[in-house]
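The values are calculated or read from the model by the stated rules, or taken from the named source; none is laboratory data. What you are looking at is a predicted structure, and each value in this text was computed from that prediction instead of being measured. Virtual Cβ from ideal backbone geometry, glycine too; neighbours counted across all protein chains shown.
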Amino acid sequence: MRNPLPSGPDPLACPVCRGPLSVRAASVRCTACALRYPRRDGVYLLGPPFAVNAGGRTFATDRMRRLAADAHAVGWDAARQRFAAEVLSGTLRAPEQSRWARLRAKLAGTTWEDTLQDLVDPTRAGWKFLLNLRSTDWVLFLGPSWGAAPVSLARSAAHVVVLDGNVERLRLVSEQAAAAGLDNLTFARVVDPLRLPLPDGSVNLVVAPAIVEWFMAVAGERVLSAACGRELLCELRRVLAPRGQAYVATDNRTGLTRLLGARRVSGASFSARGLREAASAAGFRASRVLAPIPFHHKFHQVLELEPSSPVRLSADPYRTRGRLVRPLVKAWDVLNRNGALERRLHPLLPGIGAVLSTEAEVPSLAERLLAHLAADGHVAPGCRLTRYFVRAKGAAVLVANAPDGDGVIIRLPFDVAAEGACAAHHQALETLVSDLRIPEELRRLFPAPYGRGSFEGQPFFAESAVTGEAGRVYYSRGTRRYDRAIVNAAEVLCRLRRSTEKLVHVDGDEFARLCGRWLEELRGIVGREPRGALDAIERRLEQTLLGRRLPLGWHHGDYDFANLLYGPRDAVTGILDFEVFDARGLPLIDLMVLVARRPIRRTGFAFGTLFARSILARNLPPLEARLLEEEMRTVGADEELYQALALCCWLDHLRLRRDSWLVRSPTWLDQNLHEVVEAVRRIL
């Protein structure tokens, strides 16, 4: 295909006659019908003079216009940080609404938190590896979007054309792309959602992550026909080149959000069967119907709704929820043998999506990557995708199994920060499997690093899949089995510590490595109020740790049930996720994380609340208290050292989540930062 801009507005065309456009000083002109369209702030305004843009204002319009102006004046990073601070502090509020309206806004993804996430969170493009995405592709993206998804696509494709009905949103995406050093995006404001300004067969991929929102963003309050969704699919098929694909997502016509009335534009919603039929009628030869869970605008896993598909739901993320949810998850395990219950509930899912192909048997990037790894001998031939997770820390995690039972885990980061975390995890695995100080039976608990590299311009990290049952199941199991799981996990941890520990004198450089640098970085992230407490914490840590000789050794950083696998007799069979692993880490911290889990069985505390009430105060059940006291005696830790190490435990948790969407949530900050700061003030 042809080179991207600025040589011309390709692949844009006249929205009226679809003729080619020629560039003028501050506009473009259709060479066929002679209509002119202005270009302002890098955005083509492709609405004919006789059309009216009915996209309308939203609750965010004024603030978004100011954000775009700030980005142009002071730079994108400064403007984004200012905007994020306003959202996280609660300064920005949506118009006063009833509780029902607020619930509908959360379901629809139209809150300020959703706006911020759509601005900065790369996981908004978490579906992209299910497409046949290539580095040479031209992609059409249908908004609305504040930038996260199209910018993520621009990192993986040759060119991205972004269409929307709102100029402010397009200007924001333009500023964000420029700040990221990306010049392969074209932006155009349109006024007709069913007439795309592109020639026939001009793009390889079309992405419409929210069909209903696309119609509302462009058409506003205009009444659309009951066939508008089908007509849009026909238009998507028209602009796709041979072997092209489209990703679409929308409300499930029979799902929860439709029953609650959270969306409008009824013609844009589909059932799974209706979406297949509409795609076939539009000329697509193949369709894979998907379900982003829980919502199509904010999800942490994707499953396929095809009867023969092995890509199914994982209930693990819900096992730490409260008393009502955990029994339901336990019942799910019993009733969902071979996916029987899951398939009955598919019609009730809030949203559905689909990968639509112009040709049959077009493999996705994920499938092509599996074939690539098999060809290189890294994984067994015949591996099939069985789970597709989207992690809040900015990576997709693919789980694949081979016919002989061997499995592979592939991590695909969405941005540079996530790539660094994935690389740290992979480096930790390479260190662990080659550390001969660790007994062989313990080294078998770690995934084996298969390989890392780049495929079609996308970084990947592959490792073996360790067998075992997810440790989260113990939150809903009986007390006796829970106790045994805790004791076994603590025993494994202590053996790992003993085999790798070495007494180290903590000087200034060592203190900075262990916690000092992160404290400095944390002060730049939080607001002014917590900084005084962080200064006091740093002084306490310096007084306690500097000049001391401590046994530094094996440190996981997030040693809890979420990252443990179990087998028969509740024995640990696997340890996962080593993003913050440290071969020379502080003692006691991993054990603190493990022994504080029991209150989650009853109340589902956030970690900050758990830390303040259980870890810092040493308010533990008898079994966990005994395990902790035994380790403290082994380490030689007194109460003063315990409190210092407990504070490092909390800081480690914040460091683990710093690149996650979670740390941008006001609720998460209240529970994990502000509440802890108040508890620490009382003891300092």
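Here are a few things to note about the model shown:
- When ILE438 is tested against (1) over 25 Å from CYS383 (Cβ atoms); (2) of a type in the set (Val, Ile, Thr); (3) without any contact (Cβ under 8 Å) to a residue 24 or more places away in the chain, exactly one condition is not met: (3).
- Selection within the stretch 474-527 - polar (S, T, N, Q) and touching a residue at least 60 places away in the same chain (Cβ under 8 Å): SER476, ASN488, SER499, THR500
- Count of the stretch 303-323 residues, restricted to those that are farther than 19 Å from LEU398 by Cβ and either under 19 Å from the mean Cα position of the chain (by Cα) or modelled with pLDDT under 70 (or both), is 6.
- Subset tally (residues that are closer than 17 Å to CYS383 by Cα and touching a residue at least 60 places away in the same chain (Cβ under 8 Å)) for the stretch 456-473: 5
- Residue match in the stretch 529-542 (condition: touching a helix residue (DSSP H, G or I) at 6+ places or on another chain (Cβ under 7 Å), basic (Lys, Arg) and under 16 Å from LEU654 (Cβ atoms)): yes
- Here SER202 meets the list (1) at pLDDT below 90; (2) touching a Pro at 6+ places or on another chain (Cβ under 6 Å); (3) among the polar types (S, T, N, Q) almost entirely, failing just condition (1).
- Single match in TYR37, TYR44 (criterion: touching a Pro at 6+ places or on another chain (Cβ under 7 Å), of a type in the set (Phe, Trp, Tyr) and at pLDDT 90 or above): TYR44
- Any helices (runs of 4 or more DSSP H) falling wholly within the stretch 463-536 and containing at least 2 residues that are over 24 Å from ALA644 (Cα atoms): 479-500
- No other residue among ARG264, ARG258, ARG326 is at pLDDT below 80 and outside any helix (DSSP H, G or I) apart from ARG264.
- Residue within the stretch 238-251 that is part of a helix (DSSP H, G or I), surrounded by 22 or more Cβ atoms within 10 Å (Cβ to Cβ) and not hydroxyl-bearing (Ser, Thr, Tyr) present: yes
- Residues being modelled with pLDDT under 85 and of a type outside the set (Ser, Thr, Tyr) - total across the stretch 231-255: 2
- When ALA360, ALA354 are checked against the criterion of being under 30 Å from ARG238 (Cα atoms) and more than 26 Å from the chain's Cα centre (by Cα), a single residue qualifies: ALA360.
- Taking helices (runs of 4 or more DSSP H) as the structural unit, those lying wholly within the stretch 66-153 and holding at least 1 residues that are small (Gly, Ala, Ser) correspond to 76-89, 99-108.
- Matching residues in the stretch 275-320 - criterion: being outside any helix (DSSP H, G or I) and aromatic (Phe, Trp, Tyr): PHE284, PHE295, PHE299
- Residues in the stretch 425-445 that are under 21 Å from TYR566 (Cα atoms) and in contact with a strand residue (DSSP E or B) (Cβ under 6 Å, 6 or more places away or on another chain): LEU429, LEU445.
- Given (1) under 17 Å from the mean Cα position of the chain (by Cα); (2) more than 27 Å from THR91 (Cα to Cα), number of the condition VAL190 does not satisfy: (1)
- Among residues of the stretch 346-364, those that are more than 13 Å from VAL206 (Cβ to Cβ) and aliphatic (A, V, I, L, M), counted: 5
- Every pair of residues 6+ apart whose Cβ atoms lie under 8 Å, when the first sits in the stretch 167-189 and is assigned to a helix (DSSP H, G or I) and of a type in the set (Gly, Ala, Ser) while the second is modelled with pLDDT under 90 and crowded, with 23+ Cβ neighbours inside 10 Å: ALA179/ALA71
- Answer residue from the stretch 452-476, given it is surrounded by 15 or more Cβ atoms within 10 Å (Cβ to Cβ) and small (Gly, Ala, Ser) and is nearest to ARG602 (Cα to Cα) among those: SER476
- Given (1) at pLDDT 85 or above; (2) surrounded by fewer than 23 Cβ atoms within 10 Å (Cβ to Cβ); (3) in contact with a Ser or Thr (Cβ under 7 Å, 6 or more places away or on another chain); (4) not β-branched (Val, Ile, Thr), number of the condition TRP76 does not satisfy: (3)
- Answer residue from the stretch 132-152, given it is crowded, with 24+ Cβ neighbours inside 10 Å and among the aliphatic types (A, V, I, L, M) and is nearest to the chain's Cα centre (by Cα) among those: ALA149
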